[in-house]
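So the structure is just underneath, and the comments pick up after that.
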Amino acid sequence: MADNLLPVWGKYTLIFFLIVYMYGAMCLKYVAGAKSMVEGVSVTIFQDKEKLEKEIGFDPYFIGIFVFAVISIYFSFGNIENAKVLQIVTTFIRFLTIFLMIIGSIISLFVKGGGIAPTSYVFEFEFSHMHVLFGNTIFIFIC
């Protein structure tokens, strides 16, 4: 389609921006996924976001990056037209994640009770919270 609608320089410009976009999206997915996985494992086991690092003696973030890299590389090679396994696994993981978020919310409501959402920080903007904003934005975009 780009051959029919764009001149040669437009086609190469489009390809350049697509490559930059895909590289950026992969980097953000790796970073957000690894950080979320490490925090989730740490909170699940130790009920503290940073205790896992103290217990094992090194930053587990790099293990998360490695896990996401292995999964991505495994699904990257092969015939993209026969990606039935990738589609099934992705669909299953998405449904499982949404189901677990709903169950977690229900458990949180029963344990902590319902109430008014905290609004004391809504009007404040701090750059220290940008990683949370990016992580949530990427997660919503991916789902």
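We did not get these values from a lab; they are worked out from the coordinates using the rules stated. What you are looking at is a predicted structure, and each value in this text was computed from that prediction instead of being measured. In this analysis, Cβ positions are derived from the backbone assuming ideal geometry, glycine residues included, and neighbour counts consider all displayed protein chains.
Numbers below:
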| item | result |
| --- | --- |
| Rounded to whole Hz, the Karplus (6.51, -1.76, 1.60) HN-Hα couplings of region 94-100, x for glycine and proline | 5, 5, 4, 4, 5, 4, 5 |
| Potential extension, L109-L133 segment - 0.36 nm per residue separation minus Cα distance | 6.3 nm |
| If the convex hull is drawn through the Cα atoms of region 39-105, its volume per residue in Å³ | 86 Å³ |
| Trypsin sites (Lys or Arg not before Pro) restricted to DSSP loop in region 1-57 with at most 15 other C-beta within 10 Å | K49 |
| Likely footprinting exposure, M130, M26, M37, fewest C-beta neighbours within 10 Å first | M130, M26, M37 |
| Note, ³J(HN,Hα) from phi for region 13-22, Karplus 6.51, -1.76, 1.60, rounded to Hz, x at Gly and Pro | 5, 4, 4, 4, 5, 5, 5, 4, 4, 5 |
| Cα pair distances in region 2-77, grouped into 5 Å bins until the bin that holds the longest one, percent each | 3, 15, 16, 16, 12, 10, 9, 6, 5, 4, 4, 1 |
| Likely footprinting exposure, V8, V43, fewest C-beta neighbours within 10 Å first | V8, V43 |
| Distance (nanometres) between label positions extended 7 Å along Cα→Cβ at L6 and V41 | 4.0 nm |
| Pairs of lysines in region 23-90 (C-alpha under 22 Å apart; 8 or more residues apart or interchain) | 5 |
